[in-house]
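Take a look at the structure set out below.
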Amino acid sequence: MNTQTQRLLRARTGRMVAGVAGGLANYFGIDPIFVRLGFVVVSFFNGIGVVLYIVLWLLMPNEDAAPTDNNLDVAVGEMRAIVERIIGDIQDIFRR
């Protein structure tokens, strides 16, 4: 009997921000748009959707991560890169 355990991983393909919604959708076998909409809807209730997304981002490893990678370091590095890109985009807007 060959049973493989399915792991909860962040998706690398088709990601909008960090791949959390894509990973959850792959795990549960549903379309990622439903998970994304769920995060948006839950975000309207005291912002818990945003907090939940960030927590899952920190806890879920990438689907191509090595078992020895520290997921927290990788996620914080990704967050730093995204924030720096957003700040750069905002600075470009104000320079125009």
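Every read-out reported here was derived from the displayed coordinates using simple, explicitly stated rules and does not represent laboratory data. It should be emphasised that the depicted structure is a prediction, and the values quoted were computed from it without experimental measurement. We place every Cβ from the backbone using ideal geometry, glycine too, and count neighbours over all the protein chains shown.
Being charged (D, E, K, R) and surrounded by 10 or more Cβ atoms within 10 Å (Cβ to Cβ) is a property that holds for R36.
Total residues in the range 65-96 satisfying the condition of being surrounded by 15 or more Cβ atoms within 10 Å (Cβ to Cβ) and part of a helix (DSSP H, G or I): the figure is 5. Could you check the range 30-59 and list, in sequence order, the residues that are in contact with a Gly (Cβ under 6 Å, 6 or more places away or on another chain) and under 18 Å from L8 (Cα atoms)? Residues satisfying the conditions are P32, F39.
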